[in-house]
Amino acid sequence: QVQLVESGGGLVQPGGSLTLSCVASGFEFSRYTLGWYRQAPGKEREMVAVIPSGNWGTKYADSIKGRFTMSRDNAKNTVFLQMNSLRPEDTAVYYCNAKLLHDQYDYDYWGQGTQVTVSS
């Protein structure tokens with residue numbers, strides 16, 4: 001059974017740091033493109049960061065460049081999002097995503113999300 005489980009969310013003060021983790025199981029983790037997405041109240045879900053299976057060429061949203069760092073550990077089937085210099089506008093539910101594109105099919109998996117709240 002495919003499963004993505006996020007953890008590490010919580011309440012943090014502006015300017016603080018938080019690290020999110022996503023542990024995957026049930027699929028060939030190393031072959032998948034991984035991503036972090038977030039959705040704030042009243043807004044559409046947006047891409048935060050995406051890292052390819054080759055662990056090269058990570059893409060970041062302009063709003064978080066220089067503050068967040070995404071990484072993956074294929075040996076542990078885990079993806080991370082290190083968040084620094086957090087701002088109130090970073091408050092959202094953060095979701096882990098795994099995607100595989102193929103000539104004949106594709107797979108697209110999502111976790112349940114973890115809440116990040118930035119407030120004093």
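The values are calculated or read from the model by the stated rules, or taken from the named source; none is laboratory data. The shown structure was predicted, so the numbers you read here are calculated from the model rather than taken from an experiment. No Cβ is skipped: glycine too gets one built from the backbone with ideal geometry, and neighbour counts run over all protein chains shown. Keep in mind that these areas ignore ligands, DNA and RNA; they rest on the heavy atoms of the full protein, side chains included. Shrake-Rupley method; radii C 1.70, N 1.55, O 1.52, S 1.80 Å.
Annotations
- Spatially proximal lysines relative to LYS99 (Cα-Cα < 21 Å; intrachain offsets below 8 disregarded): LYS59, LYS76
- Carbon + sulfur, % of accessible area of the chain - ligands and nucleic acids excluded, 1.4 Å: 46
- Taking all protein chains into account, the per residue accessible area for the stretch 28-96 stands at 53 Å² (1.4 Å probe).
- In loop segments of the stretch 13-64 as defined by DSSP, the chymotrypsin sites (Phe, Trp or Tyr not before Pro) with at most 13 further C-beta atoms inside 10 Å of their C-beta are TRP56.
- Between GLN115 and GLN3, the FRET efficiency estimated from the beta carbon spacing at R0 = 22 angstrom works out to 0.70.
- Excluding the site residues themselves, the longest part of the chain lacking any GluC sites (Glu not before Pro) in a DSSP loop with at most 16 other Cβ atoms within 10 Å is 45-120.
- Computed from backbone phi, the HN-Hα couplings of the stretch 4-20 come to 10, 10, 8, 7, x, x, x, 9, 9, 6, x, x, x, 10, 7, 10, 9 Hz, rounded to whole numbers (Karplus: 6.51 cos²θ - 1.76 cosθ + 1.60, θ = phi - 60°; Gly and Pro given as x).
- Unit charges on C-beta of K, R, D, E only; dipole of the chain, Debye: 260
- In this label model, ALA75 and GLN104 are separated by 3.5 nm, measuring between points 7 Å along each Cα→Cβ vector.
- Nearby aspartates and glutamates by direct alpha-carbon distance to LYS65 (threshold 13 angstrom, same-chain neighbours under 8 apart not counted): ASP90
- Gap separating the Cα centres of the stretch 55-118 and the stretch 1-29, nearest whole Å: 8
- Sequence-distant contacts, meaning Cα pairs under 8 Å at least 6 residues apart, place the relative contact order of the chain at 35 percent.
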